[in-house]
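A quick write-up on the structure given underneath.
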Amino acid sequence: MAQWWRGILGLVVGAGLVVVVAPPRPADAATYAGPVAELHIDAQAYEGQRGTILAGLRGRCAPGYRVTELALDFSQGDVVTPTLLEQPFPCDGLWHRQRVSSLEAFEAGPATLTARVSVVPVAGGTTTQVSTTAAIFVRPAAKIELPASVELRPHAVVKVTFRARCDAPWVLQDFHVTATQGEFPGAVASADQYLDLTCDGVLHPFTIWLKSTPVPFHAGWLRLDASISLLDPQEFDPVTQATSTRVVRVG
């Protein structure tokens, strides 16, 4: 909640008492007691457009200095990609949140981010560089959790209960689940159902009923295939696609 108040004037009214919440004031060189520069990397990162990594970090630097550059190295296994930002935040003694992105695509899962900030006195002098390295986890932009079994209902209808999510700020392009039973060229029975999903980062429960044609579903094993495709909300360019496949028991 405090983040929404930062930089604005808030009024809290309760029990007849009005409290004025003032925005934080930048420090000056005489009162600032922190280090020349400092960085902190968020452990949670997110999947960006076309597999890039969206990471968060906070930085601050002492009054009387200015940032000359913020260098980032995203790494995962043998893949390393650098990113360079010039003057990303002011040197006023306050923490500033920065959203940064890799220039190349990575896989969802564990990764490493190294950040290096260089600052120099405004009046001139020696450059100071501060660096930090942190393990981050790249959360996939969409996820589908398929069940271990499905229920066979009357009239050869299969009831499927599962969960799925997609992250903001992306928007849904399509979301569908397919059930297939049998092997080609034998008896193949499949059904497809398109679904709606709000991209709010929350796992939502779904229950669907599928009826196959021309071969009816029956007890045994069945393959579920699900996919979610996402677009960016401005240009509606493709962001990513999440898929999930599972062989489940029909009972």
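The values are calculated or read from the model by the stated rules, or taken from the named source; none is laboratory data. What you are looking at is a predicted structure, and each value in this text was computed from that prediction instead of being measured. Positions of Cβ are backbone-derived with ideal geometry, glycine not excepted, and every protein chain shown enters the neighbour counts.
Identify all residues within the stretch 94-128 that are β-branched (Val, Ile, Thr) and touching a Gly at 6+ places or on another chain (Cβ under 8 Å); write none if there are none. It would help to see each step written out before you state the result.
Filtering the stretch 94-128 for residues β-branched (Val, Ile, Thr) gives 100, 112, 114, 117, 119-120, 122, 126-128.
Matches in the stretch 94-128: Val100, Val117, Val122.
Which residue out of Arg165, Arg116 is among the basic types (Lys, Arg), surrounded by 13 or more Cβ atoms within 10 Å (Cβ to Cβ) and either in contact with a Phe, Trp or Tyr (Cβ under 8 Å, 6 or more places away or on another chain) or assigned by TED's automatic domain parsing to the domain that holds Phe236 (or both)? Give the derivation first.
Values: Arg116 fails: either in contact with a Phe, Trp or Tyr (Cβ under 8 Å, 6 or more places away or on another chain) or assigned by TED's automatic domain parsing to the domain that holds Phe236 (or both).
Only one candidate qualifies: Arg165.
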Fill in the blank from the handout: Only one of (1) surrounded by 13 or more Cβ atoms within 10 Å (Cβ to Cβ); (2) part of a strand (DSSP E or B) does not apply to Pro90, and that is (2)
Completion exercise
Okay, strands (runs of 3 or more DSSP E) sitting entirely in the stretch 93-160 with 1 or more residues that are of a type in the set (S, T, N, Q), I get 96-101, 109-121, 128-139, 149-153
Exercise for the section: Report whether or not Phe217 is touching a helix residue (DSSP H, G or I) at 6+ places or on another chain (Cβ under 6 Å), at pLDDT below 95 and not assigned by TED's automatic domain parsing to the domain that holds Asp42. Expected result: yes
Practice task
Answer yes or no as to whether Val202 is modelled with pLDDT under 95 and under 16 Å from Glu145 (Cβ atoms).
Solution key: no
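Is it fair to say Thr81 is assigned by TED's automatic domain parsing to the domain that holds Pro205 and of a type outside the set (Lys, Arg)?
Working: assigned by TED's automatic domain parsing to the domain that holds Pro205: no; of a type outside the set (Lys, Arg): yes.
So Thr81 does not fit the description; no.
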Exercise for the section: With the condition kept exactly as written, say whether any residue in the stretch 98-112 is in contact with a Pro (Cβ under 8 Å, 6 or more places away or on another chain) and exposed (fewer than 15 other Cβ atoms within 10 Å of the Cβ). Expected result: yes
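Do you know which residues across the stretch 54-76 are among the acidic types (Asp, Glu) and within 29 Å of Asp167 (Cα to Cα)?
Asp73
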Practice task
Please work out if Leu203 is touching a strand residue (DSSP E or B) at 6+ places or on another chain (Cβ under 6 Å) and either surrounded by fewer than 20 Cβ atoms within 10 Å (Cβ to Cβ) or without any contact (Cβ under 8 Å) to a residue 12 or more places away in the chain (or both).
Solution key: yes
Practice task
Assess whether Leu197 counts as being in a strand (DSSP E or B) and among the hydrophobic types (A, V, I, L, M, F, W, C).
Solution key: no
Practice task
Name every residue in the stretch 142-176 that is without any contact (Cβ under 8 Å) to a residue 60 or more places away in the chain, out of contact with any Asp or Glu (no Cβ under 7 Å at 6 or more places or on another chain) and closer than 14 Å to Val248 by Cβ, in order of residue number.
Solution key: Thr161
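What number of residues within the stretch 161-194 satisfy the criterion of being among the charged types (D, E, K, R), outside any loop (DSSP other than H, G, I, E, B) and within 19 Å of Gln49 (Cα to Cα)?
Restricting attention to the stretch 161-194, the residues satisfying the condition of being among the charged types (D, E, K, R) are 163, 165, 167, 174, 183, 192.
Going one step further and asking which of them are outside any loop (DSSP other than H, G, I, E, B), we end up with 163, 165, 174, 192.
When the remaining residues are screened for being within 19 Å of Gln49 (Cα to Cα), the result is 165, 174.
Number satisfying all stated conditions: 2.
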